[in-house]
Amino acid sequence: MTTRTDRSAAPEPRGGVDSTRFPADFLWGVATSAYQIEGAAFEDGRTASIWDTFSRVPGAVFGGHNGDTACDHYHRMPEDVALIAGLGVDSYRFSLSWPRIQPGGRGPANQRGLAFYDRLVDQLLARDILPWITLYHWDLPQQLEDDGGWPARDTAHRFADFAEIAMSALGDRVRWWTTLNEPWCSAMLGYETGRHAPGRQDFGDAMSAVHHLLLGHGLATQRLRETAPEPIQVGITLNTTHAIAASGSAVDRDAARRADGLGTRVYTDPLIRGSYPADVVDDLAVRGVRLPVQDGDLAVIAQPLDFLGVNYYTSHVFSGTDEHGSELVDGLPVSRTVSQNLPVTAMDWEIIPQGLTDMLVRLGRDYPAVPLYVTENGAAFDDRPGADGGVDDADRTAYFAEHVEAVAAARDAGADVRGYFAWSLMDNFEWGYGYEKRFGIVHVDYETQRRTVKQSGRWFSENIRRSREAETGPLDNDR
Ligand code: FCB
């Protein structure tokens with residue numbers, strides 16, 4: 001486990017990463033999602049998503065912020081594509097807004113909404129940047145939530161229809177498709193804790209949502225492959241939980257097993273092995289919950305994956321007792337996260353690069369033959385912009401350097417990791433935290449919408465350049 005004491009003492013980021021450890025075809029990218037950056041929330045036929053509704057609930061989002069304007073990317077897209085190109089990345093991971101493309105989540109496509117993504121894809125390709133599409137990054141059309149949301153089986157079928165619309169418009173040019181981003185967040189934060197849209201609080205509904213999200217993934221994957229005009233690569237992105245037991249005691253190890261079950265294996269097992277883990281099914285039964293599995297569902301869910309996307313920010317240590325030493329609370333076994341007193345980001349997330357290495361190695365070992373991509377990794381810090389809006393974010397830069405190094409270590413240990421996307425291209429709407437938390441490698445001044453590349457952005461660019469140079473030999477600067 002990496003420990004560090006005083007982060008602020010480091011005046012300049014370490015160049016740190018040995019770039020020769022990444023092959024020339026390793027994919028370097030930056031990532032965003034539609035609701036977090038686009039704005040133009042009600043333009044060109046777009047209807048409300050669950051986040052438009054949720055962000056208007058008093059107290060739901062910090063400062064009452066919402067995505068109405070966000071980074072105004074919808075109107076500034078060409079400028080943003082130029083910014084991405086300037087960073088020298090290979091790929092841009094972005095998501096499609098379902099209620100922009102198919103208002104209400106049913107029926108025909110909205111051509112004006114599709115036209116935006118059509119232009120975005122063309123602009124990226126014109127600059128030699130690979131478009132990497134996520135179909136669903138949390139902005140469910142509100143109308144589908146009104147009809148039951150993800151706990152309702154029909155939503156999975158609606159998602160497959162949406163996937164087909166997207167494929168028919170963009171499939172001639174886009175090869176990389178991700179169905180869902182972090183279904184754990186959609187299900188558990190959306191329907192169990194209520195901290196994310198739609199803000200419901202029912203564990204049984206959350207577990208129904210898990211199953212229907214996975215079913216939606218399977219149905220959409222089938223539909224994408226059936227309708228793709230060109231060969232495509234299809235996968236899913238998970239925020240797998242790296243669960244560490246607080247001690248070797250049986251009760252702590254069981255708490256970590258349960259956290260791993262609900263955070264990782266309840267997704268990876270059905271997706272890759274075609275079955276739900278028996279211990280998770282048993283744990284759910286203890287809580288009186290049954291996954292709403294129908295005949296044939298698991299075969300649909302277990303479509304071959306061309307890749308697995310992994311989002312990583314931190315790891316968690318689990319104890320099986322509460323603060324008073326009890327193993328049961330309200331009759332249920334305790335799973336409590338305990339701090340390791342490591343340095344944290346502005347999200348209060350502990351900085352644990354070793355967890356990324358361990359998670360990638362473990363996924364590669366337990367689910368071999370599925371190529372891995374780190375589809376998000378990054379950190380929020382309380383940036384202090386200079387007069388030009390630029391930010392000397394040595395803390396974020398160090399975070400990236402350590403985690404890129406952690407990816408190299410995972411590759412050395414045999415994990416088939418083929419790419420890395422920084423979260424995020426630019427500061428944006430950080431869900432329940434609104435615009436308060438900044439994850440960008442580019443600073444956004446929300447008053448003027450001015451973008452300024454931070455030190456971490458310059459480091460990321462430079463790292464990519466060096467890793468290419470290591471493979472091809474120094475570039476001739478005069479060319
Ligand atoms: C992930 C989300 C992404 C962003 C980062 C910080 O869980 O996928 O949209 O909010 O966390």
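Just a yes or no: is a residue in the stretch 95-113 over 17 Å from Glu376 (Cα atoms), among the aromatic types (Phe, Trp, Tyr) and in contact with a Gly (Cβ under 8 Å, 6 or more places away or on another chain)? Working first, answer last.
If we filter the stretch 95-113 for residues that are over 17 Å from Glu376 (Cα atoms), which is where we start, we get 97-113.
Then keep just the ones that are among the aromatic types (Phe, Trp, Tyr); that gives 98.
Those left that are additionally in contact with a Gly (Cβ under 8 Å, 6 or more places away or on another chain): 98.
The answer is yes; a qualifying residue exists.
For the stretch 90-145, what are the residues that are open to solvent by 10 Å² or more (accessible area, probe 1.4 Å), of a type outside the set (A, V, I, L, M, F, W, C) and in contact (Cβ under 8 Å) with a residue 60 or more places away in the chain? Across the stretch 90-145, the qualifying residues are Asp90, Asn110, Arg112, Gln142, Gln143, Glu145. Under the condition of being within 16 Å of the ligand (Cβ to nearest atom) and part of a loop (DSSP other than H, G, I, E, B), the residues counted in the stretch 205-250 number 4. With respect to (1) under 24 Å from Tyr446 (Cβ atoms); (2) assigned to a loop (DSSP other than H, G, I, E, B); (3) touching a Pro at 6+ places or on another chain (Cβ under 7 Å), the lone exception for Gln123 is condition (2).
For the stretch 1-104, which helices (runs of 4 or more DSSP H) that fit wholly inside it have 3 or more residues that are closer than 19 Å to His443 by Cβ, at pLDDT 95 or above and more than 16 Å from the ligand (Cβ to nearest atom)?
On the way: elements: 34-37, 50-54, 73-87, 98-101.
It comes to 73-87.
Report yes if Asp295 is within 27 Å of the chain's Cα centre (by Cα) and either free of Cβ contacts under 8 Å to residues at least 60 places away in the same chain or more than 16 Å from the ligand (Cβ to nearest atom) (or both), otherwise no. Answer is no for this residue.
The single condition from (1) touching a residue at least 24 places away in the same chain (Cβ under 8 Å); (2) within 16 Å of the ligand (Cβ to nearest atom); (3) not β-branched (Val, Ile, Thr) that Leu189 fails is (1). Residues in the stretch 151-185 that are of a type outside the set (Val, Ile, Thr), away from the ligand (no atom under 16 Å from the Cβ), under 12 Å from Leu213 (Cα atoms) and open to solvent by less than 10 Å² (accessible area, probe 1.4 Å): Ala156, Phe159, Ala160.
Taking the conditions (1) crowded, with 20+ Cβ neighbours inside 10 Å; (2) in contact with an Asp or Glu (Cβ under 9 Å, 6 or more places away or on another chain) in turn, Ile236 satisfies each one other than (2).
For the stretch 318-357, the set of residues classified as of a type in the set (A, V, I, L, M, F, W, C), touching a residue at least 24 places away in the same chain (Cβ under 8 Å) and either out of contact with any helix residue (DSSP H, G or I) (no Cβ under 9 Å at 6 or more places or on another chain) or surrounded by 14 or more Cβ atoms within 10 Å (Cβ to Cβ) (or both) consists of Phe318, Val334, Val338, Leu342, Ala346, Met347, Trp349, Ile351, Ile352, Leu356, listed by residue number.
Test of understanding: among Arg257, Arg225, which residue is within 23 Å of Pro131 (Cβ to Cβ), surrounded by fewer than 23 Cβ atoms within 10 Å (Cβ to Cβ) and charged (D, E, K, R)? Before you say what the answer is, go through the steps one by one.
On the way: Arg257 fails: within 23 Å of Pro131 (Cβ to Cβ).
Only one candidate passes the filter, namely Arg225.
Within the stretch 430-445, how many residues turn out to be within 11 Å of the ligand (Cβ to nearest atom) and more than 11 Å from Ser55 (Cβ to Cβ)? Going through the stretch 430-445 one residue at a time, the tally reaches 6. In the stretch 358-371, is there at least one residue being within 30 Å of Val442 (Cβ to Cβ), within 16 Å of the ligand (Cβ to nearest atom) and open to solvent by less than 30 Å² (accessible area, probe 1.4 Å)? Yes: the stretch 358-371 contains one or more residues that are within 30 Å of Val442 (Cβ to Cβ), within 16 Å of the ligand (Cβ to nearest atom) and open to solvent by less than 30 Å² (accessible area, probe 1.4 Å). The test for being at positive phi and surrounded by fewer than 23 Cβ atoms within 10 Å (Cβ to Cβ) holds for Gly414.
The numbered conditions (1) open to solvent by 20 Å² or more (accessible area, probe 1.4 Å); (2) away from the ligand (no atom under 16 Å from the Cβ); (3) over 25 Å from Ser95 (Cα atoms) are all true for Asp383 except (2).
Given the criterion of a type in the set (Gly, Ala, Ser), closer than 16 Å to Gly29 by Cα and in contact (Cβ under 8 Å) with a residue 24 or more places away in the chain, identify the matching residue among Ala406, Ala422. Reasoning before the result, please.
Details: Ala406 fails: closer than 16 Å to Gly29 by Cα.
Criteria check complete, one pass: Ala422.
Hey, does the stretch 442-459 have a residue that's surrounded by 22 or more Cβ atoms within 10 Å (Cβ to Cβ), within 19 Å of Asn66 (Cα to Cα) and in contact with a Gly (Cβ under 7 Å, 6 or more places away or on another chain)? So far as the stretch 442-459 goes, yes, one or more of its residues are surrounded by 22 or more Cβ atoms within 10 Å (Cβ to Cβ), within 19 Å of Asn66 (Cα to Cα) and in contact with a Gly (Cβ under 7 Å, 6 or more places away or on another chain).
Looking only at the stretch 403-419, decide whether some residue is part of a strand (DSSP E or B) and within 15 Å of the ligand (Cβ to nearest atom). Steps first, please.
Step one: list which residues in the stretch 403-419 are part of a strand (DSSP E or B), which gives 417-419.
Applying the additional criterion that residues be within 15 Å of the ligand (Cβ to nearest atom) yields none.
No - not one qualifying residue is present in the stretch 403-419.
For the stretch 260-309, what are the residues that are more than 18 Å from Val334 (Cβ to Cβ) and open to solvent by less than 10 Å² (accessible area, probe 1.4 Å)? Within the stretch 260-309, Thr264, Val266, Tyr267, Thr268, Pro270, Leu271, Pro277, Asp297, Ile301, Phe307, Leu308, Gly309 qualify.
The values are calculated or read from the model by the stated rules, or taken from the named source; none is laboratory data. Computed from a predicted structure; not experimentally measured. All Cβ positions, glycine included, derive from the backbone under ideal geometry; neighbour counts span all protein chains shown. Please note that ligands, DNA and RNA were not included when accessible areas were found on the heavy atoms of the full protein model with its side chains. Shrake-Rupley method; radii C 1.70, N 1.55, O 1.52, S 1.80 Å.
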